[in-house]
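To keep things clear, I will list the structure first and then write my remarks on it.
The values are calculated or read from the model by the stated rules, or taken from the named source; none is laboratory data. From a predicted model like this one, the values you see are computed outputs, not experimental measurements. So basically every Cβ, Gly included, is an ideal-geometry build from the backbone, and we count neighbours across all protein chains shown. The accessibility values were calculated without ligands, DNA or RNA, using every heavy atom of the protein model including side chains. Shrake-Rupley method; radii C 1.70, N 1.55, O 1.52, S 1.80 Å.
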Amino acid sequence: MKAFMRRGFLWAAVLLAATWLSAGDKNKPADKPENKVVDSGSFGIYADGKRVGTETFKIEQRGDSSIATAEVKVDDGTARATQTAEMQVAPNGDLQSYVWRSISPVKEECFVEAKDQLLIEHVIPADQKKLDVPHILPLSTVILDDNFFSHREILFWRYLATGCVRKGDQFTCGPGNFGILVPHLHQASNATMTLVGRDKVTIKGTQRELTKFVLRVGDPQRLVVMNEKESAPGEWMLWVDDQYKVLKMAVAGTNIEVVRD
(Lines give C-alpha, C1' and ligand atoms only; values in the text may rest on other atoms or scores of the structure.)
Protein backbone atom coordinates (compact mmCIF):
# COMPACT_ATOMS: atom_id res chain seq x y z
CA MET A 1 0.00 0.00 0.00
CA LYS A 2 1.37 3.41 -0.97
CA ALA A 3 0.48 6.63 0.82
CA PHE A 4 -0.42 9.59 -1.34
CA MET A 5 -0.39 12.96 0.38
CA ARG A 6 -1.78 15.17 -2.41
CA ARG A 7 -5.23 15.23 -0.87
CA GLY A 8 -6.75 17.81 -3.20
CA PHE A 9 -5.77 15.86 -6.30
CA LEU A 10 -6.93 12.48 -5.15
CA TRP A 11 -10.13 13.63 -3.51
CA ALA A 12 -11.16 15.43 -6.69
CA ALA A 13 -10.28 12.35 -8.72
CA VAL A 14 -12.39 10.10 -6.50
CA LEU A 15 -15.31 12.50 -6.95
CA LEU A 16 -14.83 12.34 -10.72
CA ALA A 17 -14.77 8.54 -10.58
CA ALA A 18 -17.96 8.60 -8.56
CA THR A 19 -19.52 10.82 -11.25
CA TRP A 20 -18.61 8.30 -13.97
CA LEU A 21 -19.80 5.29 -11.97
CA SER A 22 -23.03 6.78 -10.63
CA ALA A 23 -24.51 8.84 -13.40
CA GLY A 24 -28.05 7.77 -12.65
CA ASP A 25 -30.33 9.16 -9.93
CA LYS A 26 -33.63 7.41 -9.46
CA ASN A 27 -35.05 10.43 -7.63
CA LYS A 28 -34.72 12.70 -10.67
CA PRO A 29 -37.65 13.05 -13.08
CA ALA A 30 -37.25 10.68 -16.01
CA ASP A 31 -38.08 13.44 -18.50
CA LYS A 32 -35.28 15.74 -17.27
CA PRO A 33 -32.01 13.83 -17.69
CA GLU A 34 -28.86 15.64 -16.66
CA ASN A 35 -26.17 15.54 -19.32
CA LYS A 36 -22.59 16.35 -18.40
CA VAL A 37 -19.30 15.95 -20.27
CA VAL A 38 -16.80 14.40 -17.85
CA ASP A 39 -13.85 14.55 -20.26
CA SER A 40 -13.29 15.04 -23.98
CA GLY A 41 -10.43 15.72 -26.34
CA SER A 42 -7.88 13.76 -28.29
CA PHE A 43 -4.75 11.68 -27.84
CA GLY A 44 -1.88 11.71 -30.31
CA ILE A 45 -0.38 8.27 -31.02
CA TYR A 46 3.38 8.27 -31.62
CA ALA A 47 5.81 5.60 -32.83
CA ASP A 48 9.52 6.43 -32.63
CA GLY A 49 8.55 10.04 -32.01
CA LYS A 50 6.48 10.27 -35.21
CA ARG A 51 2.78 10.88 -34.98
CA VAL A 52 0.94 8.01 -36.62
CA GLY A 53 -2.60 8.44 -35.35
CA THR A 54 -5.20 10.23 -33.27
CA GLU A 55 -7.94 9.08 -30.91
CA THR A 56 -10.81 11.54 -30.46
CA PHE A 57 -13.02 10.79 -27.45
CA LYS A 58 -15.86 12.01 -25.25
CA ILE A 59 -16.86 10.65 -21.84
CA GLU A 60 -20.21 11.88 -20.55
CA GLN A 61 -23.27 11.38 -18.39
CA ARG A 62 -26.58 10.99 -20.15
CA GLY A 63 -29.42 10.69 -17.69
CA ASP A 64 -29.33 7.21 -16.16
CA SER A 65 -26.08 6.00 -17.72
CA SER A 66 -22.53 7.02 -18.58
CA ILE A 67 -21.36 6.80 -22.18
CA ALA A 68 -17.87 6.86 -23.67
CA THR A 69 -17.45 7.30 -27.41
CA ALA A 70 -14.20 7.28 -29.35
CA GLU A 71 -12.77 7.21 -32.86
CA VAL A 72 -9.20 6.28 -33.68
CA LYS A 73 -7.54 7.01 -37.02
CA VAL A 74 -4.08 5.70 -37.81
CA ASP A 75 -1.82 6.32 -40.81
CA ASP A 76 1.76 5.12 -40.35
CA GLY A 77 2.75 5.80 -43.96
CA THR A 78 2.13 2.25 -45.11
CA ALA A 79 -1.38 1.50 -43.86
CA ARG A 80 -4.46 3.35 -42.70
CA ALA A 81 -7.13 2.28 -40.24
CA THR A 82 -10.24 3.81 -38.71
CA GLN A 83 -12.16 2.33 -35.79
CA THR A 84 -14.94 3.54 -33.50
CA ALA A 85 -16.20 2.46 -30.09
CA GLU A 86 -19.12 3.25 -27.80
CA MET A 87 -19.40 2.00 -24.21
CA GLN A 88 -22.48 2.39 -22.02
CA VAL A 89 -22.24 1.82 -18.26
CA ALA A 90 -24.99 1.62 -15.62
CA PRO A 91 -25.04 3.78 -12.45
CA ASN A 92 -23.40 0.97 -10.43
CA GLY A 93 -20.57 0.60 -12.95
CA ASP A 94 -21.92 -2.52 -14.64
CA LEU A 95 -21.55 -2.76 -18.40
CA GLN A 96 -24.79 -2.20 -20.33
CA SER A 97 -23.43 -2.43 -23.87
CA TYR A 98 -20.34 -1.93 -26.00
CA VAL A 99 -19.97 -1.55 -29.76
CA TRP A 100 -16.69 -1.69 -31.67
CA ARG A 101 -16.54 -1.04 -35.41
CA SER A 102 -13.77 -1.15 -37.97
CA ILE A 103 -14.50 1.31 -40.77
CA SER A 104 -11.31 0.71 -42.76
CA PRO A 105 -9.31 -1.00 -44.18
CA VAL A 106 -12.00 -3.69 -43.68
CA LYS A 107 -15.50 -3.45 -42.25
CA GLU A 108 -16.00 -5.43 -39.05
CA GLU A 109 -18.22 -5.08 -36.01
CA CYS A 110 -18.53 -6.44 -32.49
CA PHE A 111 -21.46 -5.76 -30.17
CA VAL A 112 -21.14 -6.82 -26.52
CA GLU A 113 -24.48 -7.54 -24.88
CA ALA A 114 -24.95 -7.94 -21.13
CA LYS A 115 -27.39 -10.79 -20.68
CA ASP A 116 -28.22 -13.10 -17.74
CA GLN A 117 -24.96 -12.34 -15.93
CA LEU A 118 -23.05 -13.13 -19.11
CA LEU A 119 -21.28 -10.98 -21.68
CA ILE A 120 -22.05 -12.09 -25.23
CA GLU A 121 -20.14 -10.78 -28.22
CA HIS A 122 -22.14 -10.61 -31.43
CA VAL A 123 -19.41 -10.51 -34.05
CA ILE A 124 -19.61 -9.60 -37.72
CA PRO A 125 -16.12 -10.29 -39.14
CA ALA A 126 -14.75 -9.16 -42.47
CA ASP A 127 -16.34 -12.13 -44.27
CA GLN A 128 -19.73 -11.06 -42.80
CA LYS A 129 -20.33 -14.54 -41.32
CA LYS A 130 -21.95 -13.67 -38.02
CA LEU A 131 -21.03 -15.53 -34.85
CA ASP A 132 -21.59 -15.20 -31.12
CA VAL A 133 -18.81 -15.45 -28.55
CA PRO A 134 -20.16 -15.93 -24.98
CA HIS A 135 -18.04 -15.07 -21.95
CA ILE A 136 -18.85 -16.24 -18.44
CA LEU A 137 -17.97 -12.89 -16.93
CA PRO A 138 -19.73 -10.62 -14.42
CA LEU A 139 -21.34 -7.41 -15.64
CA SER A 140 -18.73 -5.52 -13.60
CA THR A 141 -16.07 -6.59 -16.13
CA VAL A 142 -14.12 -3.63 -17.52
CA ILE A 143 -13.89 -3.07 -21.28
CA LEU A 144 -10.27 -2.41 -22.24
CA ASP A 145 -10.14 -2.58 -26.00
CA ASP A 146 -6.65 -2.61 -27.46
CA ASN A 147 -6.72 0.51 -29.63
CA PHE A 148 -8.70 2.92 -27.43
CA PHE A 149 -6.54 4.74 -24.93
CA SER A 150 -9.44 6.60 -23.30
CA HIS A 151 -10.51 3.22 -21.90
CA ARG A 152 -7.36 3.31 -19.77
CA GLU A 153 -8.37 6.67 -18.33
CA ILE A 154 -11.78 5.24 -17.39
CA LEU A 155 -10.09 2.28 -15.70
CA PHE A 156 -7.82 4.74 -13.86
CA TRP A 157 -10.88 6.58 -12.47
CA ARG A 158 -12.38 3.27 -11.39
CA TYR A 159 -9.14 2.37 -9.64
CA LEU A 160 -9.19 5.64 -7.69
CA ALA A 161 -12.76 4.98 -6.59
CA THR A 162 -12.10 1.39 -5.49
CA GLY A 163 -8.38 1.07 -4.77
CA CYS A 164 -7.71 4.15 -2.62
CA VAL A 165 -8.73 4.68 1.01
CA ARG A 166 -8.73 7.95 2.93
CA LYS A 167 -7.20 7.87 6.42
CA GLY A 168 -7.32 11.32 7.97
CA ASP A 169 -5.33 13.68 5.77
CA GLN A 170 -3.70 10.86 3.85
CA PHE A 171 -4.86 8.60 1.07
CA THR A 172 -3.50 5.09 0.78
CA CYS A 173 -3.63 3.31 -2.57
CA GLY A 174 -2.95 -0.39 -2.95
CA PRO A 175 -3.03 -2.51 -6.09
CA GLY A 176 -6.39 -2.55 -7.84
CA ASN A 177 -7.40 -5.78 -9.58
CA PHE A 178 -9.93 -5.88 -12.40
CA GLY A 179 -11.42 -8.43 -14.74
CA ILE A 180 -11.27 -7.12 -18.30
CA LEU A 181 -12.59 -7.95 -21.75
CA VAL A 182 -10.86 -7.00 -25.00
CA PRO A 183 -13.74 -7.30 -27.52
CA HIS A 184 -11.63 -6.61 -30.61
CA LEU A 185 -9.54 -9.70 -29.77
CA HIS A 186 -12.44 -11.65 -28.16
CA GLN A 187 -10.25 -12.21 -25.10
CA ALA A 188 -10.88 -11.99 -21.35
CA SER A 189 -8.03 -11.32 -18.96
CA ASN A 190 -7.17 -9.48 -15.77
CA ALA A 191 -5.49 -6.17 -15.04
CA THR A 192 -3.75 -4.62 -12.05
CA MET A 193 -3.20 -0.91 -11.50
CA THR A 194 -0.78 0.52 -8.94
CA LEU A 195 0.33 3.96 -7.84
CA VAL A 196 4.04 4.69 -8.37
CA GLY A 197 4.14 8.32 -7.13
CA ARG A 198 5.31 11.71 -8.36
CA ASP A 199 7.51 11.54 -11.43
CA LYS A 200 9.17 13.98 -13.82
CA VAL A 201 8.26 13.33 -17.43
CA THR A 202 8.78 15.22 -20.69
CA ILE A 203 5.63 16.10 -22.64
CA LYS A 204 5.88 18.03 -25.91
CA GLY A 205 9.41 19.13 -25.05
CA THR A 206 8.54 20.40 -21.57
CA GLN A 207 9.42 18.61 -18.34
CA ARG A 208 6.50 18.28 -15.93
CA GLU A 209 6.00 16.68 -12.54
CA LEU A 210 2.97 14.39 -12.67
CA THR A 211 1.63 11.38 -10.81
CA LYS A 212 2.61 8.04 -12.32
CA PHE A 213 0.53 4.87 -12.32
CA VAL A 214 1.30 1.47 -13.83
CA LEU A 215 -1.30 -0.75 -15.49
CA ARG A 216 -0.35 -4.39 -15.94
CA VAL A 217 -2.48 -6.61 -18.14
CA GLY A 218 -2.40 -10.36 -17.60
CA ASP A 219 -2.02 -11.23 -21.28
CA PRO A 220 -0.09 -9.20 -23.85
CA GLN A 221 -2.32 -7.08 -26.07
CA ARG A 222 -1.59 -6.45 -29.72
CA LEU A 223 -1.40 -2.95 -31.09
CA VAL A 224 -3.34 -4.12 -34.11
CA VAL A 225 -3.60 -0.84 -36.00
CA MET A 226 0.16 -0.46 -35.85
CA ASN A 227 1.21 -3.86 -37.03
CA GLU A 228 -0.91 -6.99 -37.31
CA LYS A 229 2.08 -9.12 -36.29
CA GLU A 230 3.37 -6.97 -33.45
CA SER A 231 2.65 -7.83 -29.80
CA ALA A 232 3.06 -5.33 -26.98
CA PRO A 233 3.92 -6.30 -23.42
CA GLY A 234 0.97 -5.93 -21.09
CA GLU A 235 2.43 -3.04 -19.06
CA TRP A 236 1.31 0.55 -19.51
CA MET A 237 2.65 3.62 -17.74
CA LEU A 238 0.18 6.47 -17.17
CA TRP A 239 1.04 10.03 -16.09
CA VAL A 240 -1.83 12.03 -14.60
CA ASP A 241 -2.09 15.74 -13.83
CA ASP A 242 -3.62 17.41 -10.78
CA GLN A 243 -6.92 17.73 -12.66
CA TYR A 244 -7.14 13.89 -12.69
CA LYS A 245 -6.70 13.68 -16.48
CA VAL A 246 -4.27 11.28 -18.15
CA LEU A 247 -1.74 13.36 -20.10
CA LYS A 248 0.62 10.67 -21.32
CA MET A 249 0.80 6.89 -21.71
CA ALA A 250 3.64 4.63 -22.79
CA VAL A 251 3.77 0.93 -23.51
CA ALA A 252 6.70 -0.80 -21.81
CA GLY A 253 9.17 -2.43 -24.18
CA THR A 254 7.87 -0.64 -27.27
CA ASN A 255 8.36 2.65 -29.11
CA ILE A 256 4.69 3.61 -28.62
CA GLU A 257 3.67 6.74 -26.71
CA VAL A 258 0.26 8.37 -26.39
CA VAL A 259 0.04 12.08 -25.51
CA ARG A 260 -3.02 14.23 -24.87
CA ASP A 261 -3.31 17.09 -27.37
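The table below lists the values:
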{"read-out": "Meets criteria (open to solvent by less than 10 Å² (accessible area, probe 1.4 Å) and touching a helix residue (DSSP H, G or I) at 6+ places or on another chain (Cβ under 7 Å)) for residue 143", "value": "yes"}
{"read-out": "Selection count, region 128-183, where residues are modelled with pLDDT under 90 and acidic (Asp, Glu)", "value": "2"}
{"read-out": "In region 77-96, the residues that are closer than 21 Å to residue 126 by Cα and open to solvent by less than 20 Å² (accessible area, probe 1.4 Å)", "value": "81, 83, 85"}
{"read-out": "Residue check for residue 99: open to solvent by less than 50 Å² (accessible area, probe 1.4 Å), part of a strand (DSSP E or B), farther than 20 Å from residue 156 by Cα and touching a Leu at 6+ places or on another chain (Cβ under 9 Å)", "value": "no"}
{"read-out": "Candidates 119, 131, filtered to the one that is in contact (Cβ under 8 Å) with a residue 40 or more places away in the chain and either farther than 19 Å from residue 90 by Cβ or not acidic (Asp, Glu) (or both)", "value": "119"}
{"read-out": "Number of positions in region 38-76 that are of a type in the set (Asp, Glu), open to solvent by less than 20 Å² (accessible area, probe 1.4 Å) and under 23 Å from residue 106 (Cβ atoms)", "value": "1"}
{"read-out": "Matching residues, region 172-194, being part of a strand (DSSP E or B), in contact (Cβ under 8 Å) with a residue 24 or more places away in the chain and open to solvent by less than 10 Å² (accessible area, probe 1.4 Å)", "value": "173, 180, 181, 182, 191, 193"}
